[in-house]
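What follows is calculated from the coordinates using simple rules that are stated; it is not laboratory data. Predicted, not measured: the structure shown is a model, and the values here were computed from it.
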Amino acid sequence: MVVLSASMDVHAHAQGAKALRVWMAVVNLSCKELAAKLDVDPHTVSRWRKGTGRPEGDARIKLERLTEGDVPATIWMREDAAA
């Protein structure tokens, strides 16, 4: 069961990362530029784009608002948190 949960986390990271990469490409925004808008480190945004990290709390909400819903906060949530 733990393996399935970890798998779901990876899947959520991958979906969020893909949505973020697509949106950033469409609006032609760099990691550094997005980081400044969200008040986070550019390396943090890079990890989100790669799927090795995900935005938490306020950053998730700010990202959803900034992208006008194209990168929804819920896309990053773990299965257990979304239920």
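For the reader, a short list of remarks on this structure follows.
- Candidate lysines for bridging to K50, where Cα separation is under 17 Å - those fewer than 8 sequence places away on the same chain excluded: K18, K32
- Alpha-carbon centroid distance for the pair segment 52-70 / segment 16-43, whole angstrom: 10
- Residue-by-residue Karplus 3J(HN,Hα) for segment 30-36, coefficients 6.51, -1.76, 1.60, Hz, glycine and proline x: 7, 4, 4, 5, 5, 4, 5
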